[in-house]
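None of the figures in this text is laboratory data; all of them are computed from the coordinates on show. The structure presented is a predicted model; accordingly, all values stated were derived computationally and were not measured. Reconstructed Cβ throughout: ideal geometry from the backbone, glycine too, with neighbour counts over all protein chains shown.
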């Protein structure tokens with residue numbers, strides 16, 4: 001799986017960080033999400049799917065490979 005984050009679309013809700021802290025973080029200055037790992041380990045796939053589902057801005061996209 002490859003993860004894509006549309007940073008300009010992010011509304012800084014932080015749900016992705018709560019769901020998958022190994023994959024997402026937030027910038028201190030504005031709270032916008034940042035992608036820490038665009039190819040997470042299979043053990044994190046469910047957490048990334050949850051993060052995408054929880055994102056109010058639909059800024060997270062997963063490309064299943």
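Observations on the model:
- Relative to the current alpha-carbon distance between residue 29 and residue 9, full extension at 0.36 nm per residue lengthens the span by 5.6 nm.
- Kirkwood Rh, angstrom, the chain [1 / mean 1/r, Cα pairs]: 11.3 Å
- Between residue 63 and residue 39, the simple spin-label model (points 7 angstrom out along Cα→Cβ) gives 1.2 nm.
- Rounded to the nearest 10 degrees, the inclination of helix 45-54 to the longest alpha-carbon principal axis of the chain is 40 degrees.
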